[in-house]
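The structure under discussion appears below in the form of structure tokens.
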Amino acid sequence: MADDYLVRIGKLIRDARQHRGWTQTQLAEALGTSQSAVNRIERGNQNISLEMIARIGEALDSEIVSLGYAGPMHLRVVGRRRLSGAIDVKTSKNACVALLCGTLLNKGRTVLRRVARIEEVFRLLEVLNSIGVRTRWINEGMDLEIVPPAQLDMDAIDAEAARRTRSIIMFLGPLLHRMDTFRLPYAGGCDLGTRTIEPHMIALRRFGLDITATEGLYHAKVEGTTAHDRPIVLTERGDTVTENALLAAARHDGVTVIRNASSNYMVQDLCFFLEALGVQVEGIGTTTLTVHGVPTIDVDVDYCPSEDPVEAMSLLAAAVVTESELTIRRVPIEFMEIELAVLEEMGLDHDRSPEYAADNGRTRLVDLTVRPSKLEAPIDKIHPMPFPGLNIDNVPFFAAIAAVAQGKTLIHDWVYDNRAIYLTDLNRLGGRLQLLDPHRVLVEGPTRWRAAEMMCPPALRPAVVVLLAMMAAEGTSVLRNVYVINRGYEDLAERLNSVGAQIEIFRDI
């Protein structure tokens, strides 16, 4: 019972610290203690007095102890409200987490601009802080500074935080250059069915990394790099496996050719970042990458990731399902062109501005204005393909869009085992979705949405799709335990409210 109390207090302190935008190190400095002590407090592994709780509350300007327990976050949604005005797309969640892993390659100071303040990022920062990396939010919390230690303390890794993010798998590539042996907790993240890491293992073995898995941990041992006299051919054209291979190749003393590589948006951002670190990467945007590795990287670097095409798709879908006119600014158009081509065939009325450059100087952006449209179901099925095909993470939003279109739409989500199943949660809100098998769902529209109270699906994009349907439904809906949405979106409810939605955040008393 005492241990449970400490864990609950620790979680409250962690949430208050993150809300303030502080790292564990910053809180430790305010309290005159060590980062490791703060880490133990937040994990519930250290006794804590009421006086210390009061000091922490004063430092964070937060009432840590109050009546009741701060449980999960919920959303109360008043539907049938038209959106209007303009909203900016935030920087890419998937690029930000890859870049955070990439900072482990650099001995110098890294500043990442306009980092997404999301739970996935917070979990990675907790892991980085626990192994000795100094991180702090600067420029009024807009940017993130990362300074690594001379030696990482992998024995102190925050296993709980690591297990709550699949991104931890991308530590393997950079860590194999820093130590001969280390352990990592199993990767977590969304519940999307079985997702093997074997493609990562096949690629990283070429860099001498050998891994065995026991008792919830990956035990890694570096036994010497295999000669790269032939290209590394990825057995899966996945984003994270490509990023892991890039991170491993960046400090390999030689030239590495990676074939069947993903050319998706987050991979391109990572390539641009590696170039800022002094690593030459040829073939960016193609499926063959040639990396000229640098054995030692010790530079001060300043980089801004580009905007998130999946968030752009989310906002576009919000406008479509609520029959609104909305301008979505800073849309990375090269990663939305197939989606827009499909929507044009369905009858979407929209305009786009001339193209301009993102802050990374490379990605092409536009401002997109969407208007209420009479949509027809597409003739062909909706299915994802590797870039430049329709993005896998944008597929779920077509379920909500197809639900307001006239006719039947077949959606084939062939990559993930479970995600199509979660889309049938829209039936609770009046949708007519028929699950044909674990990967295919038939959507019939148009839909007369109705309010409901339901639990948030355990997968990020289907969870947002449910939220969008609630925004279109007549009446007041409740979406419970929205942590999974906060993993991938920064202040989504507040930002939707800024353009006319009515979404209230609340917790159980």
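The values are calculated or read from the model by the stated rules, or taken from the named source; none is laboratory data. The shown structure was predicted, so the numbers you read here are calculated from the model rather than taken from an experiment. A quick note on method: Cβ atoms are made from the backbone with ideal geometry, for glycine too, and the neighbour counts reach across all protein chains shown. Surface areas here come from the heavy atoms of the whole protein model, side chains and all, with no ligands, DNA or RNA. Shrake-Rupley method; radii C 1.70, N 1.55, O 1.52, S 1.80 Å.
For this structure, a couple of remarks:
- Restricting attention to the range 10-35 and to residues that are polar (S, T, N, Q) and without any contact (Cβ under 8 Å) to a residue 12 or more places away in the chain, the residue that is nearest to GLU119 (Cα to Cα) turns out to be SER34.
- Odd one out for GLU334 among (1) within 20 Å of the chain's Cα centre (by Cα); (2) assigned to a helix (DSSP H, G or I); (3) over 18 Å from SER263 (Cβ atoms): (3)
- Only one entry in SER314, SER324 is within 30 Å of GLY475 (Cα to Cα), under 20 Å from the mean Cα position of the chain (by Cα) and among the hydroxyl-bearing types (Ser, Thr, Tyr), namely SER314.
- If the condition is being open to solvent by 10 Å² or more (accessible area, probe 1.4 Å) and closer than 14 Å to ILE197 by Cβ, then the range 239-255 contributes ASP239, THR240.
This table checks each residue for (1) within 26 Å of ASN94 (Cα to Cα); (2) out of contact with any Asp or Glu (no Cβ under 8 Å at 6 or more places or on another chain).
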| residue | (1), (2) |
| --- | --- |
| MET454 | no, no |
| PRO458 | yes, no |
| VAL484 | yes, yes |
| GLN502 | no, yes |
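- Index of the failed condition, PHE387 passing every other in (1) open to solvent by less than 30 Å² (accessible area, probe 1.4 Å); (2) within 20 Å of SER92 (Cβ to Cβ); (3) out of contact with any Pro (no Cβ under 6 Å at 6 or more places or on another chain): (1)
- Considering residues of the range 268-286 that are farther than 18 Å from LEU105 by Cβ and over 22 Å from the mean Cα position of the chain (by Cα) only, the residue most open to solvent (accessible area, probe 1.4 Å): GLU282
- Only one of the listed residues (ASN418, ASN427) is more than 21 Å from GLU339 (Cα to Cα) and in contact (Cβ under 8 Å) with a residue 24 or more places away in the chain. That residue is ASN418.
- Subset tally (residues that are in a loop (DSSP other than H, G, I, E, B), free of Cβ contacts under 8 Å to residues at least 60 places away in the same chain and of a type outside the set (D, E, K, R)) for the range 376-401: 7
- Some residue of the range 87-97 being surrounded by 14 or more Cβ atoms within 10 Å (Cβ to Cβ), modelled with pLDDT under 85 and on the phi < 0 side of the Ramachandran plot: no
- Search result, residues across the range 411-432 that are over 19 Å from MET313 (Cβ atoms), among the aliphatic types (A, V, I, L, M) and in contact with a Leu (Cβ under 9 Å, 6 or more places away or on another chain): ILE421
- Flag for LEU234 being surrounded by 19 or more Cβ atoms within 10 Å (Cβ to Cβ), under 17 Å from ALA98 (Cβ atoms) and modelled with pLDDT of 90 or more: yes
- Residues of the range 242-301 that are within 15 Å of CYS96 (Cα to Cα) and touching a His at 6+ places or on another chain (Cβ under 7 Å): ASN244 alone.
- Every residue from the range 124-134 that is surrounded by 20 or more Cβ atoms within 10 Å (Cβ to Cβ) and either on the phi > 0 side of the Ramachandran plot or touching a residue at least 60 places away in the same chain (Cβ under 8 Å) (or both): LEU125, GLU126, ASN129, SER130
- Pairs where the first residue, in the range 287-307, is under 17 Å from LEU104 (Cα atoms) and the second is open to solvent by 10 Å² or more (accessible area, probe 1.4 Å) and not in a loop (DSSP other than H, G, I, E, B), C-beta under 6 Å, 6+ apart: VAL301/ALA276; TYR303/ALA276
- Taking the range 287-319 as the range and being open to solvent by less than 30 Å² (accessible area, probe 1.4 Å) and of a type in the set (D, E, K, R) as the test, the residues that pass are GLU307, ASP308, GLU311.
- Screening VAL38, VAL7 for residues that are in a helix (DSSP H, G or I), in contact (Cβ under 8 Å) with a residue 12 or more places away in the chain and surrounded by 19 or more Cβ atoms within 10 Å (Cβ to Cβ) leaves exactly one candidate, VAL38.
- Residues being closer than 24 Å to GLU323 by Cα and open to solvent by 30 Å² or more (accessible area, probe 1.4 Å) - total across the range 351-368: 4
- Among the residues here, LEU340 does not qualify as under 19 Å from ARG461 (Cβ atoms), part of a loop (DSSP other than H, G, I, E, B), open to solvent by less than 20 Å² (accessible area, probe 1.4 Å) and among the aliphatic types (A, V, I, L, M).
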